[in-house]
Amino acid sequence: MKTTIINNQITKNTKSTSLLYLKVLALATATTFFSCEENLDELPRDKFAETNFFTKPEHALLAVNATYRYLSPDGSTIWGAAYTGIVAQSSASTDEMVVSWGDAVWIPFNQVNYSEAFPSGALYVFYNTLMPAITTCTINIGKIEEMTTIDEAQKKSYIAQLKALRAHYTWILYNHYGGVPIRVDYKEATNINAVPIPRLTNEQTAVQIEKDYKDAIVDLPTLAAQPGADYGRFTKDAAQMGLMKLYLHDKKWNDVIATARTIMGMGHNLQTNYSDLFAYTNKGNKQEILFALSAKFNSTPTNIWLAHVLPGNYYDVKTGLGLTQWGGYKMPWTTYDKFDKNDKRSERLLTKWRTSATNTTLFDARANNYIGAIPMKYDVDPTSTGYGQGNDIVIWRYADVLLSLAEAINETSGPTTEAYDLVGQVRKRAGLDNIPTGLSKDEFRNKLMDERLFEFWCEGGIRREDLIRWGKYIQFAKDRGSAFAKDEFVLYPIPRTAINASGGVIKQNPGY
């Protein structure tokens, strides 16, 4: 039997096997993504059927847990550190990062030289992973809604998490491909005879993301009230942040302002030390980090950023550990040199380092013709025994709320005193004075462009989002010497397999 996913819908070429429980088998046997330790009855793998799954509360929990796995199924996808991840693709296609491996995947990213034949299918990873993830969310929502053996409050909690995940997955697709042909009706998603549907418009996609987040917020807990064992699951705080990112993308400035103010009323603050945000000891900290993946050094999901960035001759003085060091990712010197020499945020960018426990002479990257500084965003996990690290993978944090609010205020009212104060809070933590007063709206925006680079380098895929919003993404590629970047490349191509499987109902993005 062959099972495929076409147009975000499961189809198959046999009548004998249940449509849904092929999916359920994959879900129930998947590695549980988060560290919930509730006792679950063991279900024999050959006993799954429509009559015995989604009959107990623990079955619903299994389904929700498995739906989270799409965030980072193997430590290297979506929010992982490899070329299949959002952060690496964003950084490599902007001024944040060049990759010294110089292989067939990284050169076209650095040049924003996109095509349907992009190496390793890297531009299709999010589409191919998250379109079925959305189907999974829709199916699980429908099945849990039908359950009569689960407490109503728990049912609402599970459905809220699934709607927030569906919004998050749809947002990632919207951010990279524009409107997508998603199905959010349970019966349609499970109907093997349903005809392919066209892509939603950008406006329709944004409306669906907004609706899912708003529906989820009603029944999600606040981050402050969330049990520690559930850290990394969606909360009201993370869903509000997802809304703000959507509004920022669409330049709905008044909605950005309103949502940012809501988040500001939820008790968050900047942490005192910038570097602490990315340390192993910061695991589970809810002060500034609104959404993160709780990583482990020896299991999924794991944080493998350091393996990608650390040069082979680096010696970690603090731990003395023998680390995995592939040494590929660098920040170009032209970008590094934009940082103020007193900016504490640049302390995570290495230009000199020890090479052994006994040799105290520092190796100088620039003097030795390295193509850039080492973007050591995360600190070393002192408990690690392999290439993985247990540092939480930061996705969204409170500093983004402050700077986004400052931007939205500037776009609607110009650089007000409040806008300056918001930027000043972030710069004070970095050990810097505030930006000069008396700026025009355009001058203030230009300062924010740099400030967001200094604050969020190699984090959350933020730089690509920002440059596209400001209309600078393609121009920056051209300024770096690309002869290939085109205006249409602010969006990735839709996979040709999806277009063909739909019989041409799904249309390709312009420029491909």
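Readers should treat all values here as calculations from the given coordinates under stated rules, not as data from a laboratory. Model, not experiment: these values are computed from the prediction. Cβ coordinates were reconstructed from backbone atoms using ideal geometry, including for glycine residues, and neighbour counts include every protein chain displayed.
Of the chymotrypsin sites (Phe, Trp or Tyr not before Pro) in the stretch 101-209, which ones lie in a loop per DSSP and count no more than 11 other C-beta atoms within 10 Å? Please list the in-between numbers first.
Details: sites: Trp101, Trp106, Phe109, Tyr114, Tyr124, Phe126, Tyr127, Tyr158, Tyr169, Trp171, Tyr174, Tyr177, Tyr186; in loops: Trp101, Tyr114.
Sparse-neighbourhood loop chymotrypsin sites (Phe, Trp or Tyr not before Pro): none present.
If R0 is 30 Å, what FRET efficiency do you get for Trp101 and Ala483 from their C-beta distance, rounded to 0.05?
Using R0 = 30 Å, I get an efficiency of 0.85.
Only four residue types carry charge here, +1 at the Cβ of Lys and Arg and -1 at the Cβ of Asp and Glu. Report the dipole size of the chain about the Cα centre in Debye, rounded to the nearest 20.
740
Could you list, bin by bin from short to long, the percent of Cα-Cα pairs of the stretch 265-406 in 10 Å steps?
Binned Cα distances yield the sequence 11, 37, 36, 14, 2, 0.
For all pairs of alpha-carbon atoms in the stretch 202-282, what percent lies in each bin of width 10 Å, listed from the first bin to the last filled one?
Percent of Cα pairs in each bin: 16, 41, 32, 10, 0.
State, as an integer percentage, the relative contact order of the stretch 199-301 based on alpha-carbon contacts under 8 Å between residues 6 or more apart. Can you show the working numbers first?
Working: 80 pairs, mean separation 25.4, N = 103.
Relative contact order here is 25 percent.
To the nearest 0.05, what FRET efficiency results for Asn269 and Glu443 with a Förster distance of 30 Å applied to their C-beta separation?
Rounded to the nearest 0.05, the efficiency is 0.60.
Can you compute log10 of I(q)/I(0) for the stretch 275-338 with the Debye formula, treating each Cα as one identical point scatterer, at q = 0.18, 0.19, 0.25 Å⁻¹?
Once normalised to I(0) and log-transformed, intensities are -0.91, -0.99, -1.19.
R0 = 51 Å: FRET efficiency of Asn434 with Arg496, Cβ-based, nearest 0.05?
0.55
Report the one residue of Pro436, Ala399, Ala167 whose Cα lies farthest in the direction of the positive end of the charge dipole of the chain (charges on C-beta: Lys and Arg +1, Asp and Glu -1; origin at the Cα centre).
My answer, from the dipole projection, is Ala167.
Over all alpha-carbon pairs in the stretch 158-316, figure out the percentage whose distance exceeds 20 Å.
Values: 7599 of 12561 pairs.
Roughly 60 percent, once rounded to a whole number.
Taking the Cα centre of the stretch 398-480 as origin, work out the dipole magnitude from +1 charges on Lys and Arg Cβ and -1 charges on Asp and Glu Cβ, in debye rounded to 20.
On the way: 13 positive and 15 negative charges, 58 e Å.
In total the dipole reaches around 280 debye.
What is the extension gain from Glu116 to Lys341, computed as 0.36 nm multiplied by their sequence separation minus the C-alpha to C-alpha distance, in nm to one decimal?
76.8 nm
Over 22 Å between Cα atoms, which of Lys318/Lys377; Lys251/Lys428; Lys211/Lys472; Lys211/Lys447 qualify?
Lys251/Lys428; Lys211/Lys472; Lys211/Lys447
Output the direction-averaged projected area (hull surface divided by four) of the convex hull of the alpha-carbon atoms of the chain, in nm². Intermediate values should be presented prior to the final figure.
Details: hull surface 95.7 nm².
Averaging across all directions leaves 23.9 nm² for the Cα convex hull.
Kirkwood hydrodynamic radius for the stretch 398-480: how many Å is it when counted over pairs of different Cα atoms?
13.1
Defining a contact as two alpha carbons under 8 Å apart and six or more residues distant in sequence, what relative contact order in percent does the stretch 398-480 show?
Answer for the stretch 398-480 is 21 percent.
Take every Cα-Cα distance within the stretch 94-205, group them into 5 Å bins from 0 onward, and report for each bin the whole-number percent of pairs it holds.
Result returned by the calculation: 2, 10, 16, 17, 16, 12, 10, 7, 5, 3, 1, 0.
Based on DSSP loop calls and a cut-off of at most 12 other Cβ atoms within 10 Å, the longest stretch of the chain free of exposed GluC sites (Glu not before Pro) is what? Spell out each step's value before the answer.
Working: sites that count: Glu37, Glu38, Glu42.
Here the longest run is 43-512.
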